[in-house]
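Input: a single structure, listed below in structure tokens.
The values are calculated or read from the model by the stated rules, or taken from the named source; none is laboratory data. Just so it is clear, the structure is predicted and the values come from calculations on it, not from any experiment. With ideal geometry, Cβ positions are generated from the backbone for all residues, glycine too; neighbour counts draw on all protein chains shown.
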Amino acid sequence: MKINFDINPISSHLAEPLQQKLDSGAKIVGSLGLLEELALKIGCIQNSLTPSLNKPTMLLFAGDHGIVEEGVSPSSQEITHQMVKTFIQGGGAINVFTNQHNIDLKIIDAGVNYDFKSHPNLIKAKIAKGTKNFLHDPAMTKEQCIHAIAIAADIVENIQAKGCNVISFGEMGIGNTSASSVLMNIISGISLEKCVGKGGGLNESGIDRKTKILTQAIANNSIDKDNPLDILSAFGGFEHAMMVGAMLKAAELGMILLIDGFIAGSALMVAHKFNQNILDYCVFAHQSYEKGHDLMLKYFNATPLLDLKMHLGEGTGAAVAYPLLESAVTLLNDMATFEQANVMRVV
């Protein structure tokens, strides 16, 4: 099964013509700020002076985590499958926003500790009923991790073949901020204390306890910290592994990757360790209110489109930010020049 992805750096040969097109619009040069930078990036990703956004899709991966046995979350693990049922039935926050913005939502059971009935809105891709407790054992075997990466890559390939060229990644899984914090710490070298936040609503003493448990878990697992497969299989969730595979495949296919918050960002950190060219294809949707995300964005040298103090996950930040991509593309394609508008040029 494939875990090596051939991701080409985006071409910059249209960067100057794209910039000239933006600068020739009937406006003060640079006056639309990050929207212009976004338009330029999308044009370069698609290598086109007239880019388009086709069949936007949100992949929401769900999985359970054995580490919740240690009390790292104030929420019960059962909430994972209950929320997945809510998404399937169309009642979640992510459903609201994807419906509003005409984003196709696909819900994937990556490893929930529950047996779901078949449903048109659910892709059954369960690797196992949750990961192991990584305080004592690796979260998953390397074979399971590779399988999860490959399954998600196949899902993305099928979606892209149907015309999708812009994709987002959401997640659901009680305990996944613990896994994400460890992934961030190991890959970035940022102290665990700065990576660990309140997650599902821990108080300060709960955060302290969570940090101590995760510190011990890292000490208990002997891994090659330069090997992303080792890191991911030791501490990631099945939803993390599938996001990694989905992101890498999407970049290989030249798609636009709209990155959500802390959890999706931690998966991107792993994907980036597999192949650094992936960042060329990434647009960062928002700054999560979860502790650690600000430092994660700085690690990527990324400027998010929004800062709404959101920290729900599910891909909600990416879904809310998506209309800004539409605005950027429309700006590039539809704005009149000064000459066309018969307006005196301003600087």
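Taking residues in the range 275-294 that are touching a residue at least 24 places away in the same chain (Cβ under 8 Å) and more than 17 Å from Ala318 (Cα to Cα), and partners anywhere that are polar (S, T, N, Q) and part of a loop (DSSP other than H, G, I, E, B), the pairs with Cβ atoms closer than 7 Å and at least 6 places apart or on different chains are Asn277/Asn8.
Tell me, please, whether a residue that is assigned to a helix (DSSP H, G or I), buried (at least 17 other Cβ atoms within 10 Å of the Cβ) and in contact with a Ser or Thr (Cβ under 6 Å, 6 or more places away or on another chain) can be found in the range 78-96. Among the residues of the range 78-96, at least one is assigned to a helix (DSSP H, G or I), buried (at least 17 other Cβ atoms within 10 Å of the Cβ) and in contact with a Ser or Thr (Cβ under 6 Å, 6 or more places away or on another chain), which makes the answer yes.
The residue that is surrounded by the most Cβ atoms within 10 Å (Cβ to Cβ), among those in the range 183-229 that are more than 25 Å from the chain's Cα centre (by Cα) and in a loop (DSSP other than H, G, I, E, B), is Asn221.
Pick from Ser266, Ser188: which is among the polar types (S, T, N, Q) and either under 22 Å from Ala321 (Cα atoms) or not assigned by TED's automatic domain parsing to the domain that holds Gly317 (or both)? Before you say what the answer is, go through the steps one by one.
Values: Ser188 fails: either under 22 Å from Ala321 (Cα atoms) or not assigned by TED's automatic domain parsing to the domain that holds Gly317 (or both).
Residue meeting the stated conditions: Ser266.
Only one entry of Ile159, Ile108, Ile155 meets the criterion of being assigned to a helix (DSSP H, G or I) and either touching a helix residue (DSSP H, G or I) at 6+ places or on another chain (Cβ under 7 Å) or at pLDDT below 95 (or both), and that entry is Ile155. Condition (residue is among the polar types (S, T, N, Q), under 21 Å from Cys282 (Cα atoms), surrounded by fewer than 17 Cβ atoms within 10 Å (Cβ to Cβ) and over 18 Å from the mean Cα position of the chain (by Cα)) applied to the range 158-167: is it met by at least one residue? Yes, the conditions are met somewhere in the range 158-167. Would you be able to say whether some residue in the range 238-250 is assigned to a helix (DSSP H, G or I) and over 20 Å from Ile123 (Cα atoms)? Scanning the range 238-250 turns up no residue that is assigned to a helix (DSSP H, G or I) and over 20 Å from Ile123 (Cα atoms).
Residue pairs whose Cβ atoms lie under 6 Å apart, separated by 6 or more positions or on different chains, with the first residue in the range 49-65 and farther than 21 Å from Asp104 by Cβ and touching a residue at least 60 places away in the same chain (Cβ under 8 Å) and the second of a type in the set (Ser, Thr, Tyr) and in a loop (DSSP other than H, G, I, E, B), are His65/Thr131. Look at (1) under 20 Å from the mean Cα position of the chain (by Cα); (2) surrounded by 22 or more Cβ atoms within 10 Å (Cβ to Cβ); (3) among the aliphatic types (A, V, I, L, M) and you find that Ile3 fails only one, number (2).
Residue-level analysis places Ile127 outside the set of residues that are farther than 12 Å from Ala241 by Cα and crowded, with 21+ Cβ neighbours inside 10 Å. With respect to the stated conditions, Leu122 is over 30 Å from Cys44 (Cα atoms), of a type outside the set (D, E, K, R) and touching a Phe, Trp or Tyr at 6+ places or on another chain (Cβ under 7 Å).
Condition test on Pro51, is it farther than 19 Å from Asn277 by Cβ and out of contact with any strand residue (DSSP E or B) (no Cβ under 8 Å at 6 or more places or on another chain)? So that I can check it myself, show each step before the final result.
On the way: farther than 19 Å from Asn277 by Cβ: yes; out of contact with any strand residue (DSSP E or B) (no Cβ under 8 Å at 6 or more places or on another chain): yes.
Answer is yes for this residue.
The one condition from (1) outside any loop (DSSP other than H, G, I, E, B); (2) over 15 Å from the mean Cα position of the chain (by Cα); (3) basic (Lys, Arg) that Lys117 does not meet is (1).
Answer with yes or no whether Ile107 is in the same structural domain as His147 (by TED's automatic domain parsing), in contact (Cβ under 8 Å) with a residue 24 or more places away in the chain and surrounded by 20 or more Cβ atoms within 10 Å (Cβ to Cβ). Full working, then the answer.
Working: in the same structural domain as His147 (by TED's automatic domain parsing): yes; in contact (Cβ under 8 Å) with a residue 24 or more places away in the chain: yes; surrounded by 20 or more Cβ atoms within 10 Å (Cβ to Cβ): yes.
Against the criterion (in the same structural domain as His147 (by TED's automatic domain parsing), in contact (Cβ under 8 Å) with a residue 24 or more places away in the chain and surrounded by 20 or more Cβ atoms within 10 Å (Cβ to Cβ)), Ile107 qualifies.
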